[in-house]
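The values are calculated or read from the model by the stated rules, or taken from the named source; none is laboratory data. Since the model is a prediction, treat every value here as computed from it, not as a measurement. Every residue, glycine as well, gets a Cβ built from its backbone with ideal geometry; the counts of neighbours run over all protein chains shown.
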Amino acid sequence: MNWQGELNKYLASAYKNWIISKRNIFTLFELFFWPMISLLSIGLLTRFLRVEGSMVSFLLVGAIALTILQVAQIDVAYVLLFDMWSKSIKNTFIAPIRSYHLVFGAALFGILRGSVVFFILAVVSRYLFGFDFQEGGLLPVLIFLAGVFATAAVIGITVCISILTFGQKADVAAWSLSGMILLVSGIYYPVEVLPPLLQTIARIIPLTYFLEYYRSIFIPGPHHLAIGAFLAVFYLVLGLILLDRAIERARRTGILLRLSE
């Protein structure tokens, strides 16, 4: 196997996102403006409600996780969204690449952007709200971020599959799926407060378990990190398989051509 060639295929996808992003001034809003608005609104709400200690940690962990999730997942979705908007999606699949080259290359760029956002929010939350993200050490932070990035990649893959299946109408999924995750994965409240059906749905979302794991450092309690890790890997593998099938189906049905006119 030509390892240099394989590496270049991954890096090409990341580089493509970088080139498009740096030319778009609105990407700065994704990195700085909206993340800060999200953090400050939740942080100031805790001050207004006189929430103290562990509850502040609970809410800020959720706010930062959601922001990183949104930033990282949109980068994976951009793999096809940019091409769909520019009517050039067929050109992507002319190149000798596979779905995992596209996904993991874009995910790499998403991880870089998400890490920048995390660093900014961690510093701001420490100095404005007294919340130390490294209270439990560096390893829990890395595990937590890995879970968030893996969930983001799964959401991005789902958006790509939707585009190849339903066409331009599916781009709304790029923003609505993270909202659904917000509702059921315990971003701002424990999943135990949800109705039984939504609790069941929450338990099949990897992010739920990574949030519980990281919050257990600040609020001692049970967690099932192994289940979250298993679900993340399972969904990534399943998502790549389904994405390959969606690409083949789009070729047969002509969706690739219709999205490129």
Report task. Would you tally the residues in the stretch 177-204 being closer than 16 Å to Leu80 by Cβ and either of a type outside the set (A, V, I, L, M) or surrounded by fewer than 18 Cβ atoms within 10 Å (Cβ to Cβ) (or both)? Result -> 0
**Report entry** Selection from the stretch 212-235 of residues that are among the β-branched types (Val, Ile, Thr) and either at pLDDT below 90 or surrounded by 13 or more Cβ atoms within 10 Å (Cβ to Cβ) (or both)
**Finding:** Ile217, Ile219, Ile227
Query raised in the report: Can you tell me which residue in the stretch 22-39 is nearest to Pro140 (Cα to Cα), limited to those that are assigned to a helix (DSSP H, G or I) and free of Cβ contacts under 8 Å to residues at least 60 places away in the same chain?
Result: Ser38
Query - Residues that are within 15 Å of Thr158 (Cβ to Cβ) and not hydrophobic (A, V, I, L, M, F, W, C), drawn from the stretch 240-254 - result: Asp244, Arg245
Query - Residue that is surrounded by the fewest Cβ atoms within 10 Å (Cβ to Cβ) [pool: residues in the stretch 53-67 that are of a type in the set (A, V, I, L, M) and more than 18 Å from Pro140 (Cα to Cα)] - result: Met55
Query raised in the report: Counting only residues that are of a type outside the set (Ser, Thr, Tyr), exposed (fewer than 12 other Cβ atoms within 10 Å of the Cβ) and more than 22 Å from Leu108 (Cβ to Cβ), which one in the stretch 10-46 is farthest from the chain's Cα centre (by Cα)?
Result: Ile25
Requested in this report: Scan (1) outside any loop (DSSP other than H, G, I, E, B); (2) in contact (Cβ under 8 Å) with a residue 60 or more places away in the chain for the single condition Phe218 breaks and write down its number.
Outcome: (1)
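Table: residues versus (1) assigned to a loop (DSSP other than H, G, I, E, B); (2) at positive phi; (3) without any contact (Cβ under 8 Å) to a residue 12 or more places away in the chain.
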position: Gly147; (1), (2), (3): no, no, no
position: Ile157; (1), (2), (3): no, no, no
position: Gly167; (1), (2), (3): no, yes, no
position: Gln199; (1), (2), (3): no, no, yes
position: Asp244; (1), (2), (3): no, no, no
Requested in this report: Enumerate the pairs (first residue in the stretch 90-104 and part of a helix (DSSP H, G or I); second residue anywhere and basic (Lys, Arg)) with beta-carbon separation below 6 Å, excluding pairs fewer than 6 apart on the same chain, so at least 6 apart or on different chains.
Outcome: His101/Lys9
Report summary line: For the stretch 250-261 the number of residues that are basic (Lys, Arg), touching a residue at least 24 places away in the same chain (Cβ under 8 Å) and surrounded by fewer than 14 Cβ atoms within 10 Å (Cβ to Cβ) is 0
